[in-house]
Amino acid sequence: MVNTEKLPFLASGHPYGSYSPIPRPRMKIHSINADGLEVTAVDCGPVDITFENGCGDSFNPPQCVIFCILSGIVSAVHEGHGVEADAGTLVAAVGSAAFSFRALTASRLLVFRVPGETMDRMTTARRGIFRVVRSPHKSQAGSLLFPLLGTLATEIWNVDGELSPGLEQTVYFLGMSTAEIVCTEMRDRHPAGSVSLLIDVKETIERQLGSPGVSPAALAAEHHISVRQLHRLFESTGESVMQYIKRRRLESFARDLADADLRHRKISELAAVWGMPDAAMLSKDFRSAYGVPPREYRKTNCPD
């Protein structure tokens, strides 16, 4: 069962409205402040969480929120843009809108809210509000930083009250170093890098999975490239464009089949949500991917 939470960042000096988190099973969250840098540790099972980020006005410039996925798989959404990310990924969003994510598995995250006054250091992406950095731990800086982030996520639960000056400086340094990795990746890989373009295309696919009209031609047109260029982008992934779309649709459909909250929905309805209205083709593709037909998969993973 997927729980839903709505949690404000708890930065001092900024009103976020009133909200009292209700304890839920498989959910633990704690925030600390280090010289204006908000740091939140999250340990949870499958759950939907929205972080309210209400400081984007003329007095408080838009902030950068960086999610460090330390373990698990997370589907993140910000201002209509979404992406699925796994462990070792940074997801950065610039702006004042709420940032939500669905933890698809048991997950651990470390979330940094970078103060607005540091935003002049951030190199914006093409849309300027949403960026994904895959495998930053493979870089020289990231290989040193990520083990420290894991330690911080563990130790943050032991912090009660204000940080000592020395510890506050250390936490601030870790947060700013994470932001710097995001900045460097943006500069090095955008806009010309094929890696960034592939990420953009995949983000578009995620937003349009439920549309039967998503196709290589439509995707190429939206990203102002040729269909041939689009196919070349996917060559390095080992999947064609349509194979990737089919896999992501089946994965999303399978996740819904295992969701107790959707047990009342017909299988055909869930399939249609993900752009798969052809029952015969769905059964064939699903059996090929999961070894059993959808009805048996639901019975096994979401029993009555």
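The values are calculated or read from the model by the stated rules, or taken from the named source; none is laboratory data. It should be emphasised that the depicted structure is a prediction, and the values quoted were computed from it without experimental measurement. Using ideal geometry, Cβ is built from the backbone for each residue, glycine included, and neighbour counts are taken over all protein chains shown. When the accessible area is computed, the model is the full protein with side chains, heavy atoms only, and any ligands, DNA or RNA have been set aside. Shrake-Rupley method; radii C 1.70, N 1.55, O 1.52, S 1.80 Å.
The table below gives the values:
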{"read-out": "Number of positions in region 215-228 that are under 26 Å from Thr89 (Cα atoms) and open to solvent by 30 Å² or more (accessible area, probe 1.4 Å)", "value": "1"}
{"read-out": "Members of region 262-299 found to be within 19 Å of Val214 (Cα to Cα), open to solvent by less than 80 Å² (accessible area, probe 1.4 Å) and not in a helix (DSSP H, G or I), listed by number", "value": "Trp274, Gly275, Met276"}
{"read-out": "Long-range neighbours under 9 Å by Cβ, at least six apart or interchain, first residue within 11 Å of Lys246 (Cβ to Cβ) within region 273-293, second among the β-branched types (Val, Ile, Thr) and exposed (fewer than 15 other Cβ atoms within 10 Å of the Cβ)", "value": "Phe286/Val292"}
{"read-out": "When residues of region 197-214 are limited to those that are open to solvent by 10 Å² or more (accessible area, probe 1.4 Å) and part of a helix (DSSP H, G or I), the one modelled with the lowest pLDDT", "value": "Leu197"}
{"read-out": "Members of region 232-254 found to be modelled with pLDDT under 90 and in a helix (DSSP H, G or I), listed by number", "value": "Arg232, Leu233, Phe234, Glu235"}
